[in-house]
């Protein structure tokens with residue numbers, strides 16, 4: 001961890017996970033016991049599992065849309081019926097109701 005201060009001052013977003021991992025690692029004789037806490041910290045930093053889930057949801061949505069398109073439905077009708085639920089990866093603009101960061 002490079003610093004205990006975030007870009008805007010105060011604690012970084014993953015600092016609590018780092019503290020839990022560091023407390024576990026310092027107090028154990030077997031570092032393998034701290035793997036879940038290390039995984040939580042790395043997920044907080046990089047969002048790898050969240051991104052993988054979002055890609056899987058999108059791939060399934062596209063697969064179903066293509067299947068329905070081959071059955072004779074128009075792609076616009078398929079897309080009008082449903083959309084992929086947001087998982088917090090993409091910030092929408094003012095027209096989407098969410099603030100841009």
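The numbers here are math on the coordinates, done by the rules we state, and not lab data. Just so it is clear, the model here is predicted, and its values are computed rather than measured. Glycine gets a Cβ as well: all are built from the backbone with ideal geometry, and neighbour counts include every protein chain shown.
Relative to the present Cα-Cα distance, how much length would full extension add between residue 20 and residue 8 at 0.36 nm per residue of separation?
Fully extending the segment from residue 20 to residue 8 adds 2.1 nm.
Provide the FRET efficiency to the nearest 0.05 for the residue 48-residue 71 pair, computing r from the beta carbons and using R0 = 41 Å.
Computed FRET efficiency for residue 48 and residue 71: 0.70.
Taking the simple approach of a point 7 Å from Cα along Cα-to-Cβ for both residue 58 and residue 40, what is their distance in nm?
Computed distance between label sites residue 58 and residue 40 equals 2.9 nm.
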